[in-house]
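What follows is a structure written as structure tokens; I'll ask about it next.
All of the numbers you see were taken from the coordinates with simple rules; none came from a lab. All values derive from a computational prediction rather than experimental measurement. All Cβ positions, even for glycine, are placed from backbone atoms using ideal geometry, and neighbour counts span all protein chains on display.
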Amino acid sequence: MQRAATFILLLAALALPLIMRAFDLDYYTSFASRVMIFALAAGSLNLILGYAGMISFGHAAFVGVGTYTAGVMIIEGVPSALIGWPLAMLIAGLLALAIGAMSLRTRGVYFIMITLAFAQMIYYLTNSMKAYGGDEGLSLPGRSTLPLLDLKDDTSFYYVVLAILCVSMLLLSRLVASRFGRVIVAIRENEPRMEAIGYPTRRYKLVCFVIAGAFGGLAGALLANHGNYINPSILHWTQSGNLMIMVVLGGVGYRYGGLIGALTLLGLEEFIANHKVEWMADLWPKYQQHSLLGVGIILLVIVLYAPRGIAGWFDRSRRG
Amino acid sequence: MSIVLILEQSLNGLQFGLMLFLLAAGLTLVFGIMDMINLAHGSIYMIGAFLAATLVAATGSFALGVVLAIPATAAIGMLLEVSILRRLYTRDHMSQVLATFALILICNEAVRIIWGSDMALGTPAALSGPIELMPGLFYPAYRLLVIGVGLTVAILLYFIVAKTRIGMRVRAGASNREMAAAMGVDIKLLFTLVFGFGAALCAVAGAMLGPIFAVQVGMGDNILILAFVVIVIGGIGSIRGALIGSVLVGFVDTFGRAFLPALLREILPPQIASAAGTALASILIYVLMAAVLFWKPQGLFPARG
């Protein structure tokens, strides 16, 4: 059942740019790329949030560092994606190693706060990088380059993002199903016990944190290419909050949680901002300018009354 | 680097620190007693500033407007607590973070709908000029008022928390919630009151800082993070920790921004020094927080033994 659904979803994703082109709605191909990039970012956060139970409030730092790495490489004349994107993963991963090594000494609320503080540090550092636009950011001269493909074409870019998302999600779900994944979930459920059995729990958590950071960096590299600019606002703490919203909206600890969350949140914002619903407009003419009000209320209701997210609605195995 | 400049920056640091304390005090009590992360604290600060701006404009008097804004904001805070936040006490930290993050979005948009993106709140005319504190040291009179208000509230707060019965209950709740409840403290009511009190302090900070920064949507988003840094440095749930943490953060931040670039220029080439100086100055307090947590993972003055 799930396999069939995945297959149909994949077919739809493959056909999407062709259908959009046929109806002259090319904009949605670009929008779908954006959704998939955020699905990757939220999916990587889901690994530490959902499976490892580490409430990191600084994931935007890794996404942002990936954005800046890929962007700076393009600006400095090394546009090859084969160099820039792995480098973005590497640097984001190394940053996650440094932040994780220090943050994982603390737990609970302190862990939330210290990851937030480190992310703010990176935010202010990018703000003061005058050579790369400082607090205003910088437009990129072009997208990264790949052999054989032209990423400037939105359709090609879409397929590249789709491929990366599929491979990443496959890797992450294999990781969760592996022995490593079992240990991570067990640590979430009962850390003292796992420690007593003899697992080096902090090291496991750190590895998990680094993997999530690296994939966050990859999402960032794609994001820089998608929007053709780098800007510190992607590192602001509210962005970490947005990624968390996506994960919780979709479903914490569900394989498709990040994807569902990104699609729902971005789709909702897009729908409210660009599609005037007549009866809503009659009721309240300016409702489209205040889309975040709706997002906030929906999020609040989800957190209060449906904490397992959208994926939880379709899950019969873990009810109750 | 003259003595006048150092004194002036000390006053700036003290003023910023005291205002941070007003925000951090409410936050640390909420955090300490109910083990609840309230990101919407910054939104209450924003609402307090907007209410103050409205009431100052309506009454034509700065003092009256600010004084009226305090109970109004406290009422909004208590309403928020009774209607929404109360449901979150028993939930995990992530639900609290997300629900109050949702409240930030809702509050920001609600303020935008009601008041627009920003409002004017000027310094009162009588206090708009500088005062000569000592030969060569001119300091804005309004900022002196801010320091005075901050000190008064801090002393008042200390007396309430340290010397009164209700303060004793608050401290009991912060150090051991279950035990305090078992000894007959009405935690539910206490918490609504603490929350309202925290909101009132937010209003004071919002109204006093309004003329210095700006009364605009999102004004609470960044200062909230500073307040969190303060309470994590000071130790969650501790008023004394919040006070010392606030002043520490106020001074480190102000002095870092004022002197670090010049200091680095002494040892580095000027171009690198100015870039590195501003970068370092802006992250200094986070470095401080990381350092404190490294050596004292519970903060400087942990409320729980």
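Kindly write out, for region B:4-16 in residue order, the coupling ³J(HN,Hα) from the Karplus curve 6.51 cos²θ - 1.76 cosθ + 1.60 (θ = phi - 60°), rounded to whole Hz, with x marking Gly and Pro.
4, 5, 5, 4, 4, 5, 5, 5, 4, x, 5, 4, 5
Compute from the Cα atoms of region A:198-244 the Rg and the Dmax, the latter being the longest Cα-Cα distance, and quote both in angstrom.
For region A:198-244, the Cα-based Rg and Dmax read 14.2, 48 Å.
Please list B:53-65, B:209-221, B:22-34 highest first by mean number of surrounding beta-carbon atoms within 10 Å per residue.
Working: B:53-65: 16.5, B:209-221: 20.4, B:22-34: 27.8.
Ranking the peptides B:53-65, B:209-221, B:22-34 by packing returns B:22-34, B:209-221, B:53-65.
Quick one: 3J(HN,Hα) in Hz for region A:205-217, Karplus 6.51/-1.76/1.60 with θ = phi - 60°, rounded, Gly and Pro as x.
So the Karplus estimates, Gly and Pro as x, are 5, 5, 4, 4, 4, 5, 4, 4, x, 5, 5, x, x Hz.
Across peptide A:124-132, how many C-beta atoms of other chains are within 10 Å of each residue C-beta, on average?
Mean shielding by partner chains, rounded to a whole number: 4.
Right, next: Determine by what factor the alpha-carbon radius of gyration of region A:62-113 differs from 2.2 N^0.38 Å, reporting the quotient.
1.42
Let me ask something else. Dipole size in debye (nearest 20) for the protein assembly as shown around its Cα centre, Lys and Arg Cβ +1, Asp and Glu Cβ -1?
2040
To continue, here is another question. What does a probe at B:Tyr158 reach in region B:1-27, counting residues whose amide N is under 18 Å from the point 7 Å along Cα→Cβ?
Residues B:14-26 fall inside that zone.
For chain B, set up a GNM with springs between Cα atoms under 10 Å and report which of B:Gly198, B:Gly48, B:Gly13 has the largest fluctuation.
For chain B, modelled as a Gaussian network with Cα springs under 10 Å, the answer is B:Gly13.
B:Ala57 to B:Asn176: extension gain in nm, 0.36 nm per residue of separation minus the Cα-Cα distance?
So the extension gain works out to 38.4 nm.
Short version: ³J(HN,Hα) in whole Hz for each residue of region B:283-296, in order, from phi by Karplus 6.51 cos²θ - 1.76 cosθ + 1.60 (θ = phi - 60°), x for Gly and Pro, what are they?
9, 4, 5, 6, 4, 4, 5, 4, 5, 4, 5, 5, 8, 10
Convert 37 °C to kelvin, take the viscosity as 0.692 mPa s, use the Kirkwood radius over C-alpha pairs of region A:191-288 as Rh, and evaluate the Stokes-Einstein diffusion coefficient in µm²/s, rounded to a whole number.
196
Quick one: if the Förster radius is 45 Å, what FRET efficiency do A:Asn228 and A:Thr6 give, using the C-beta to C-beta distance and rounding to 0.05?
Efficiency, from the Cβ-Cβ distance: 0.90.
Of the trypsin sites (Lys or Arg not before Pro) in region A:116-169, which ones lie in a loop per DSSP and count no more than 15 other C-beta atoms within 10 Å?
The qualifying sites are A:Lys152.
Under 10 Å, Cα contacts only: if you run a Gaussian network model on chain B, which one of B:Val247, B:Val229, B:Val111 comes out with the highest mean-square fluctuation?
Result: B:Val111 has the largest fluctuation of those listed.
Quote the Stokes-Einstein diffusion coefficient, in whole µm² s⁻¹, for region B:172-287, based on the Kirkwood radius over alpha carbon pairs, a temperature of 4 °C and a viscosity of 1.567 mPa s.
On the way: Rh = 17.0 Å.
It diffuses with D of about 76 µm²/s by this estimate.
Also: Take every residue in peptide A:291-300, count the Cβ atoms of other chains within 10 Å of its Cβ, and give the average of those counts. Write down the numbers at each step before the final one.
Values: counts 2, 7, 8, 3, 4, 11, 5, 2, 7, 9.
Rounded to a whole number, the mean comes out at 6.
Starting from the amide H of A:Ser80, placed 1.01 Å from N in the peptide plane, find each other amide H under 5 Å away whose residue is 5 or more places distant or on another chain.
Under 5 Å from the amide H of A:Ser80 lie the amide H atoms of A:Thr145, each far enough along the sequence or on another chain.
Could you work out, residue by residue across B:229-237, how many beta carbons of other chains sit within 10 Å of that residue's beta carbon, and then give the average as an integer?
2
Apply the a/c threshold of 1.5 to the C-alpha gyration tensor of chain A and tell me whether it is rounded, prolate or oblate.
Values: a/c = 1.40, a/b = 1.14, b/c = 1.22.
Note, shape of chain A comes out rounded.
Return the calculated 222 nm mean residue ellipticity for chain B, to the nearest 500 deg cm²/dmol, obtained by summing -39500 (n - 2.57) across DSSP H runs with n ≥ 4 and dividing by the residue count.
-26000 deg cm²/dmol
Provide the packing ranking of B:74-83, A:58-67, i.e. peptides ordered by the mean count of other C-beta atoms within 10 Å per residue, highest first.
A:58-67, B:74-83
Kirkwood hydrodynamic radius for region B:1-79: how many Å is it when counted over pairs of different Cα atoms?
About 14.6 Å, per the Kirkwood formula over Cα pairs.
Additional query: Assuming 0.36 nm per residue, please report the length gained on full extension of the stretch A:Arg179 to A:Ala273 beyond their Cα-Cα distance.
29.4 nm
Can you give the local net charge around B:Leu189? Use residues other than it whose beta-carbon is closer than 12 angstrom to its beta-carbon, Lys and Arg +1, Asp and Glu -1.
Local charge sum for B:Leu189: +1.
Right, another one. Please find the FRET efficiency linking B:Asp186 to A:Ser156, where r is the Cβ-Cβ separation and R0 is fixed at 56 Å, and quote it to the nearest 0.05.
Step by step, r from the Cβ atoms, then E = 0.30.
List every residue whose amide H lies under 5 Å from the amide H of B:Ile131, counting only residues 5 or more places away in sequence or on a different chain, with H placed 1.01 Å from N in the peptide plane.
B:Tyr139, B:Ala141
Binned at 20 Å from 0, what are the whole-percent values of the Cα-Cα distance distribution for the protein assembly as shown, short to long?
18, 52, 27, 3, 0
Next up: Compute the Rg to Rh ratio over chain B from the alpha carbon atoms, using the Kirkwood formula for Rh, and round to two decimal places. Show your work: numbers first, answer last.
Numbers: Rg = 19.8 Å, Rh = 20.1 Å.
Here Rg/Rh amounts to 0.98.
Over all distinct alpha-carbon pairs, what is the Kirkwood Rh of region A:87-226 in angstrom?
On the way: mean 1/r = 0.0572 Å⁻¹.
It works out to 17.5 Å.
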